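The values are calculated or read from the model by the stated rules, or taken from the named source; none is laboratory data. None of these values were measured; they are calculated from a predicted model. As a convention, Cβ positions derive from the backbone with ideal geometry for all residues, glycine included, and neighbour counts pool all protein chains shown. For the accessible areas, the whole protein counts, side chains as well, though only heavy atoms, and no ligand, DNA or RNA atoms are used. Shrake-Rupley method; radii C 1.70, N 1.55, O 1.52, S 1.80 Å.
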Amino acid sequence: MIELSDQQLIDLVLKAGNQRAFALLVNRHQSGLRASLRQWCQNDALADDLAQETFLKAFRKLESFQSNAKLSTWLYRIAYNTFLDYKKIKKNTFHDTFGDIDDVQTAHAGEMEQYHQSRDLNKAMAELPEAQRQSIDLCYTQGFSHSEAADVMQCPVGSVKSHIQRAKQKLKSVLSMTTTAQAAGE
Amino acid sequence: MNDQEFELWLGQELKANTAYVEDNGFTDQLMAQLPASVEPQRQPINKLVLWATIISSAIVALLLPVQSILHSFTAVFSQPLENWLTILGFGVSMGMVSILVLWNDRSRIFEV
């Protein structure tokens, strides 16, 4: 069953009520979806809760999935709406801590440079406005095209392109400031 | 770093930065929240086809030669015991074949 396509697994869920097929779909898509939600929320536990809610909604609405669409785009659209709904209720800023990556002592000496770069980029990403961060995550990390990202975010393609352009400018400026500050400190 | 180099670096860095998120019970936790079973999709019945079937069945029933069918049944029931055993054996064999076919189909559908 593991070699079946997403559409074949969906058919098994809908026509035969096969929940193991749905478990396989979840297992196939959970990593990317959770990683994106973690990037959007900046809070791992909250992101995982929203991912659970996303898959539950997907299960309930599976009949409405159009077979000519891409399952990942459909799932990300549900995740995006779930994230927006949560935000409306909680009105949080989602700017959490970077506790998860602050344990410098655990990194090996050879990995330190890479580690600092990743940490700086994560911090710079966290400073981006939400829509810019989501556009960058969808297009660069998840590999969606601009039109797929626009479909997920339910906005014009031009808006996604403009979010990405602004995000890149801001990232470049924040990262160069960080580098300058580090050089001055040494 | 010029724009092109930055674009390339950003793409590589973001992809390298996003490690695979291990399942760690995520799927099991989710599956425990799903309803016990999903009702399989039902094929919508076309009302026109349904009515056509009912009407044609009624016409066939009216045209049936009831008397000759009753006569055939009487003839069957008056068969000697050996013939009954043959019919029973044939019925059991056909039943077993049907069960095997259905079982094979079920195993294929739910195969994991």
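Numbers at a glance
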read-out: Tally, over the range A:1-21, of residues that are crowded, with 17+ Cβ neighbours inside 10 Å and touching a residue at least 40 places away in the same chain (Cβ under 8 Å); value: 4
read-out: Matching residues, the range B:8-28, being surrounded by fewer than 16 Cβ atoms within 10 Å (Cβ to Cβ), at the interface with another protein chain (Cβ under 7 Å from one of its Cβ atoms) and not basic (Lys, Arg); value: B:Gly11, B:Tyr20, B:Asp23
read-out: Considering residues of the range A:22-35 that are at the interface with chain B (Cβ under 8 Å from one of its Cβ atoms) and in contact with a helix residue (DSSP H, G or I) (Cβ under 6 Å, 6 or more places away or on another chain) only, the residue surrounded by the fewest Cβ atoms within 10 Å (Cβ to Cβ); value: A:Asn27
read-out: Filtered residues of the range B:70-86 (kept if of a type in the set (Val, Ile, Thr) and surrounded by 10 or more Cβ atoms within 10 Å (Cβ to Cβ)); value: B:Val76, B:Thr86
read-out: Pairs where the first residue, in the range A:36-58, is at the interface with another protein chain (Cβ under 10 Å from one of its Cβ atoms) and on the phi < 0 side of the Ramachandran plot and the second is open to solvent by 40 Å² or more (accessible area, probe 1.4 Å) and of a type in the set (Asp, Glu), C-beta under 7 Å, 6+ apart; value: A:Arg38/A:Asp44; A:Asp44/A:Asp100
read-out: Positions within the range A:6-21 being more than 7 Å from chain B (Cβ to nearest Cβ) and farther than 12 Å from A:Glu63 by Cβ, in sequence order; value: A:Asp6, A:Gln7, A:Gln8, A:Leu9, A:Leu12, A:Ala21
